[in-house]
Amino acid sequence: MPYLGNGFIATQPRSPWVFLDGFFNGNGTESHRACIPSTVPWMLTGPLKVDEQGIHDDSHPQTLWMHHGMGVFLQHITSPDWDVYMTTFVSRRRPNLLVRCIEARFSQPQATPILFRPDLAVNFDSPDCEIIVEPHDGHLSISGHTHVVESNEFQNGVSTFYMYTDVTPQELSKGFYLSVNSPLRFLLTTVSRTSMDEAISSYEGAQLVSLQDPETLFHEQATAWRELWKDGYLCFRGSHGEDASSTRLSRILHTVQYSLLTCFPSVNQPGFVHQPSCEFYGLCPTGLARGNEEDDYMGHVFWDMELWMLPWINLFHPQLCRLALDYRYAMLPLARYRALSEGFEGARFPWESAFTGLETTPWDLAAQNQIHVVGAVSFATQQWLTTHSPGKANSMSTFSNTAAFPVSSSAHSSDDPVEWYRYRGRILLEDIARFWSSRVQYSSTKEAYEIVDVMPPDEYTHCCRNSAYTNTIASLSLAAPAVFARYYGDPVPEEYLDWENKAKRLWMPRDAVNEVMLEHEDYVLGTCVKQADTILLTYPLMYNQPEAWKRNMVDLYAKVTDPNGPAMTWSIFCICALELKEFDRAMDYFERSIEHVHGPFLGWTEVRDGSGAANFLTGAGGFLQSIINGFAGVRMSLIPHPRSKPTCPDSVHTVAALFLTPCVPTRFVQIVPIIRLQHLHFQQRTLTIHIDLTEQNVTLALTQGLPLSVGRLSKDRHWVFDTFRLDKGIPLQLRFQPLCIIGIDLLDDIPSIAADVC
């Protein structure tokens, strides 16, 4: 079933539960999303016909629909005399509100009334909460608190929810009597994590507008989602007649973006009493509408958020991406505590995180050894800063890290990316680099630093030395504080330089004979691998290695990767094959990835046979990357500024660049003629990138912000910026070729940049 959510509350049609962001029950590794009883787990049954003979069954056909554009689920029951529509949605405009509306439309003015009843009773019990249900003027006020805190040491008390609703067991038992004169019923439920007063106030506000104009709540929902889609989205344009593959692929593309957006709030809600500094609790692999069971990963946050789900959010919804990074910042005290308790410095984020930031992983081996999640937090922070934060040289004063614990100051939650870097981003980068610096060991034999006793992304390997992926993301993390100090024109402290030196001297497990990077130091070629691991060096980490090594990596690891591994794996192989112009192979991997999509509502499953996690957003995130970073060929990177502007006063200063290299497999063009990146956000600008795969041209349109310069690749492998300028309102169409886009204010008159920097 599809998701209905707004990032604060979420559910699914037919689910007995509503889930509230940040609401967890269970101690330590038993922590999971706490189940709040849903007021709408039922569907309409019947109808029961009311006439002079009494009440009797009168069955009719029905259809279930999902409108992914505005987050509305519809049950439609039809007959020659009437149509009944039951619509259900979680309001995007009113974060606390869950709406169900039942409407009958009669074809005859004298039509006989009809009676519908729910096919399930409502049960207000929960396995996770002590619940009190109290009648209140024909409504129910329902409050509950969790049984167990996640941590006796770091959580001051249990969490509480408050619900107010007009959905009562008594009313449901009567059914819904619909007639020409009374064709409409609204059922409203509100949920708060702060007080019953807020729940009641939210309910009364929604009830008032529904009484004044029944269409208002629907209009609000449509408008709120339309505004969210305006911020940015990815779509396919054009068609090949009634081609079923093209239609299905377009629907998959729209559905996965919608499903990710249901996990993010448009408006921050107040935090829990015992966690006031945290307003959003991150992305679970199965979203907010699930998370009470082990297959749903208990609602926990993994590396899946940073590596798999955030890349699309980062490009099209940067403020929502920053909310996810703010969750990691809010969990920083516990990450610091863990690092210190284990004898390290800086911050060690847990493999699985929930309410407090304590390690909540049930599998102890993963909890102890999968430290690459720490690097993922740094990597996502770097990507966000590169994409959105202007890095012009400026005289920013330095800040101490000693008191940098989460605060609620408005200055610290500023929408200004530079301010966010100063108060939060830099602290994350520093603490993570400090952890890796204390975690690496120097090997006199290798004359290099190494990282031992880790579990790589390939979870079939429980413990190894020098995981290629872990060492690479650790290297990027170690270098990041110095890299971004230069980006902002700040002084680079000695500590940063020491970390950067260690980054350069991290040992990598190379096989020079077979010209391929090994998964880890003791890896034997041909050994089965669970999922994408070493292949991640090519993308997204963009590790510098010869093309032949990249090609061998695809060849060797694709053969030994478990065909029943998780969904996102084949998206990465697709991207890497596209980069190598291995088009047939890329399409094979792409088609393999979408074998994980099932059912009429196009939900992703972790395993392609439908088992494992359902509505697996990690796989959905990998699919989106295969389109953006694979077929569209998008990359973000920092490049040396002096090579484009010789007058730059800092010889090591860098600037942000967007690279675009579309790839055109014939088999893909036969399905998708046009890829459109609508309102991609880059350096305080928004662009629309229209990629016509049939005509092999790219149209760039600047829709907001200052002009950009579009560089072309010269014969001597330099980016040349002397020809193409992109101004707002003046589209620029170019034939397919590698392109490099930077701010025009970062250039001198005749600039060029060596192509190897990308």
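The values are calculated or read from the model by the stated rules, or taken from the named source; none is laboratory data. Everything numeric in this text was worked out from a predicted model, so none of it was measured. Using ideal geometry, Cβ is built from the backbone for each residue, glycine included, and neighbour counts are taken over all protein chains shown.
Miscellaneous remarks
- Any hit, the stretch 658-675, residues being over 21 Å from L746 (Cβ atoms), touching a helix residue (DSSP H, G or I) at 6+ places or on another chain (Cβ under 8 Å) and assigned to a strand (DSSP E or B): yes
- Check on R486, over 31 Å from the mean Cα position of the chain (by Cα) and surrounded by 14 or more Cβ atoms within 10 Å (Cβ to Cβ): no
- Hits in the stretch 603-645 (condition: without any contact (Cβ under 8 Å) to a residue 40 or more places away in the chain, hydroxyl-bearing (S, T, Y) and part of a loop (DSSP other than H, G, I, E, B)): S611
- Matching residues in the stretch 147-161 - criterion: being assigned to a loop (DSSP other than H, G, I, E, B) and not hydroxyl-bearing (S, T, Y): H147, V148, V149, E150, N152, E153, F154, Q155, N156, G157, V158
- Residue in the stretch 153-166 that is more than 17 Å from S195 (Cβ to Cβ), at pLDDT 95 or above and in contact with a Phe, Trp or Tyr (Cβ under 6 Å, 6 or more places away or on another chain) present: no
- Only one of the listed residues (Y423, Y460) is assigned to a loop (DSSP other than H, G, I, E, B), among the aromatic types (F, W, Y) and at negative phi. That residue is Y460.
- Residue in the stretch 572-593 that is outside any loop (DSSP other than H, G, I, E, B), touching a strand residue (DSSP E or B) at 6+ places or on another chain (Cβ under 7 Å) and surrounded by fewer than 20 Cβ atoms within 10 Å (Cβ to Cβ) present: no
- For the stretch 694-716, taking the residues that are touching a Leu at 6+ places or on another chain (Cβ under 9 Å) and hydroxyl-bearing (S, T, Y), the one that is surrounded by the fewest Cβ atoms within 10 Å (Cβ to Cβ) is identified as T703.
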